[in-house]
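Any read-out appearing in this document is the output of simple, stated calculations on the displayed coordinates, not a laboratory observation. Please read all numbers here as calculations on a predicted model, not as lab measurements. Glycine also receives a Cβ, built like all others from the backbone with ideal geometry; neighbour counts cover every protein chain displayed.
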Amino acid sequence: MEIVIREDSDHVARTVADIIEGYVRRGPAVLGLATGSTPLASYKELIRRHREEGLSYSEAQAFLLDEYVGLPVEHPESYHSVIRREFTDHVDLDPSSIHSPGGAAPDLAAEAIRYDRSIASAGGVDVQILGIGTDGHVGFNEPMSSLSSRTRVKTLTEQTRQDNARFFDSLDDVPHHVLTQGLGTITDARHLLLIGLGEAKADAIAAAVEGPLAAACPASVLQLHPHVTVVVDEAAASRLKFADYYRHTLDNKPAWQAF
Ligand code: GLP
């Protein structure tokens, strides 16, 4: 696990964009995209590079982590709508190459199996962007999610519903259920890129990176993965015990060593 501490969210976004750009320029890339507010600045930077620097996503495919159950796809807060509004509508990604779990599917168990198969038949995800919930969730894998879970329906904690209420008219409008890639599905991706921004994420980032491997902090499953990059701002890094070591490592990173 490599921990990259940047001074602010702009620098975090540039680092994330550098990593994603590397995959996109190397050939047909399978990108794992996350919603939520955390990756927004990174998506803006990737859009800017498309417009100003000729970065083309025409050969890429994208898979979303999760979706609310019961929201129609055209609802403005469905993740299907959000990722289009915030990122993919502004680049040259083929709309037929953007995949997400169908939270409005009549048979959610069958939809979960279909979604995992569609990721596998694309060859798996090359690089998966992740945010983190204040309770340590990734995707929508709430505490005590099986560390080897596959895509399935989960029930949101009230803490997560309250955290996400800002995107809806009221707390009552936030769905209770979601369809999310499991922790096993997520960790099948070949490179995991976890972003943490702000003081509100400092405890979750510390638990994920330095805490025990435990379903109580679902993001701690990243400790088992062979290729993880955690990109955080100073505020999100503020409870990391080994922060000085991570800075030292970065300061001495050999020029030939990529993220
Ligand atoms: C959301 C999403 C996650 C996201 C997390 C943090 O509910 N399901 O993919 O990473 O919770 O959200 P935010 O980035 O808005 O803080």
**Request:** Could I have the simple spin-label model distance between Glu2 and Asp244, label points 7 Å from Cα toward Cβ, reported in nm to one decimal?
**Result:** 2.4
**Fill in**
Net charge near Ser9 (other residues with Cβ under 13 Å of its Cβ; Lys, Arg +1; Asp, Glu -1) is -3
**Message:** Given the chain, report the % of alpha carbon pairs whose separation exceeds 23 Å.
**Reply:** 48
**Request:** With θ set to phi - 60°, apply the Karplus curve 6.51 cos²θ - 1.76 cosθ + 1.60 along the stretch 124-139 and write out the HN-Hα couplings as whole Hz, x wherever there is a Gly or Pro.
**Result:** x, 8, 6, 9, 10, 7, 9, x, 9, x, 5, 9, x, 6, 10, x
**Request:** For every other residue with a beta carbon closer than 10 angstrom to the beta carbon of Ala207, add +1 if it is Lys or Arg and -1 if Asp or Glu, then tell me the sum.
**Result:** -2
**Asked** GNM, the chain, Cα, under 10 Å: largest mean-square fluctuation among Val91, Val125, Val30?
**Response** Val91
**Request:** Sticking to Cα atoms, compute the Rg of the stretch 105-259 to one decimal and its Dmax as the biggest Cα-Cα distance, whole number, in Å.
**Result:** 16.6, 53
**Packing-based exposure ordering (other Cβ within 10 Å, fewest first) of Lys253, Lys154, Lys241, Lys201** = Lys241, Lys253, Lys154, Lys201
**Request:** With a Förster radius of 51 Å, plug the Cβ-Cβ distance of Trp256 and Glu199 into 1/(1 + (r/R0)^6) and report the FRET value to the nearest 0.05.
**Result:** 0.90
**Message:** Residues of the stretch 48-72 with the amide nitrogen closer than 14 Å to a label point 7 Å from the Cα of His225, along Cα-to-Cβ, please.
**Reply:** 63-66
